[in-house]
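Contents: one structure, followed by commentary.
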Amino acid sequence: MLTYDVKIWSIRKRPNRVAAYQLRWRVGSQPFSKSYRIKAQADGRRSQLMAALRNQEQFDTESGLPGSEVKALNTTTWYAHSCAYAEMKWPDASAKHRASIADTLATITPKLVKDTRGAPAARVLRLALYSWAYRFVLTDEGLRPRLDVEQPPDEVVAALDWIKRKSIDMTALETASVVRTALDTLKLKQDGTAAAPNTVKRKRPVLSNCLRYAVERELLTAMPLGKVDWTPPQTEDEIDTRFVPGPKQAKSS
């Protein structure tokens, strides 16, 4: 149920707690709270809730969230899903594979957006994704996003706020043209030149696995890669069988 009956309190500091800064609010008769390690993060979240209140948004009595956030939760974006995928893979992945996952997702995500108005510099957005959004830290409370444990630079915060707003909905990936965009992105380096075939070969399984996880989470009804006739570039050690000589040709040569 949605209601305008909302009360948001100031941040409370609780000494001797790992997440010492607690945000508390009430929606109807239901109390809610969330704790943060860094005060700036708690202040930022409080500002978001206060902005929703000033905009005369109703809040949900079950989740404690503003109505707009409840709606957004029911429409998962590619960015949100990619973060969930990276977190799911993190515990069992080697350091090298973790880096490969972050690299692949940081390559694809900037291209899967609704539009590029107000986009941060490509270098900053890649840093924000590769080094922050797709990185996790093991704490006493379990695995946490690096963003929840450390304070990122202001430019990183701004870049991630932009991608959260601009990222396409997962349902868009049921469209062949969007899938092709994701695949074609794998062929390019950051400077727009062609990536090495082995790089594409390494990144494509990450995209495929991320989409399979979306099907598992029921964000997609089926794997969308089959909708696109797409062939990765050949690696140097691959042999084109069209030019392999037959027995007679080999004998006469």
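Observations on the model:
- Among residues of segment 4-61, those that are within 27 Å of Asp140 (Cα to Cα) and among the β-branched types (Val, Ile, Thr), counted: 3
- Checklist (1) assigned to a loop (DSSP other than H, G, I, E, B); (2) surrounded by 18 or more Cβ atoms within 10 Å (Cβ to Cβ) applied to Cys83, failing item: (1)
- Restricting the search to helices (runs of 4 or more DSSP H) fully inside segment 145-237 and requiring at least 1 residues that are touching a helix residue (DSSP H, G or I) at 6+ places or on another chain (Cβ under 6 Å) and within 30 Å of Gln41 (Cβ to Cβ) gives 146-149, 154-166, 197-216.
- Single condition Ala95 does not satisfy, out of (1) surrounded by fewer than 14 Cβ atoms within 10 Å (Cβ to Cβ); (2) in the same structural domain as Trp132 (by the TED database); (3) within 19 Å of Pro152 (Cβ to Cβ): (3)
- Of all residues in segment 64-81, those satisfying the criterion of being at pLDDT 90 or above and within 23 Å of Ala133 (Cβ to Cβ) are Leu65, Pro66, Thr76, Thr77, Trp78, Tyr79, Ala80, His81.
- Total residues in segment 11-64, condition within 26 Å of Val156 (Cα to Cα) and among the acidic types (Asp, Glu): 1
- Filtered residues of segment 53-68 (kept if part of a helix (DSSP H, G or I) and over 17 Å from Leu23 (Cα atoms)): Arg54, Gly67, Ser68
- Exactly one residue out of Leu160, Leu147 is among the hydrophobic types (A, V, I, L, M, F, W, C), surrounded by 15 or more Cβ atoms within 10 Å (Cβ to Cβ) and at pLDDT below 95, and it is Leu147.
- Here Leu188 fits the description: modelled with pLDDT under 90, surrounded by 13 or more Cβ atoms within 10 Å (Cβ to Cβ) and of a type outside the set (Phe, Trp, Tyr).
- Residue in segment 111-121 that is in a helix (DSSP H, G or I), modelled with pLDDT of 90 or more and surrounded by 13 or more Cβ atoms within 10 Å (Cβ to Cβ) present: yes
- Taking (1) touching a residue at least 24 places away in the same chain (Cβ under 8 Å); (2) of a type in the set (Asp, Glu); (3) in contact with a helix residue (DSSP H, G or I) (Cβ under 7 Å, 6 or more places away or on another chain); (4) farther than 21 Å from Ser208 by Cα in turn, Glu62 satisfies each apart from (3).
- Residue among Arg46, Arg17 that alone is within 28 Å of Arg135 (Cβ to Cβ) and surrounded by 15 or more Cβ atoms within 10 Å (Cβ to Cβ): Arg46
- Looking only at segment 65-85, residues that are without any contact (Cβ under 8 Å) to a residue 60 or more places away in the chain and in contact with a Lys or Arg (Cβ under 8 Å, 6 or more places away or on another chain) come to 0 in all.
The values are calculated or read from the model by the stated rules, or taken from the named source; none is laboratory data. What you are looking at is a predicted structure, and each value in this text was computed from that prediction instead of being measured. Note: ideal-geometry Cβ built from the backbone for every residue, glycine included; neighbour counts use all protein chains shown.
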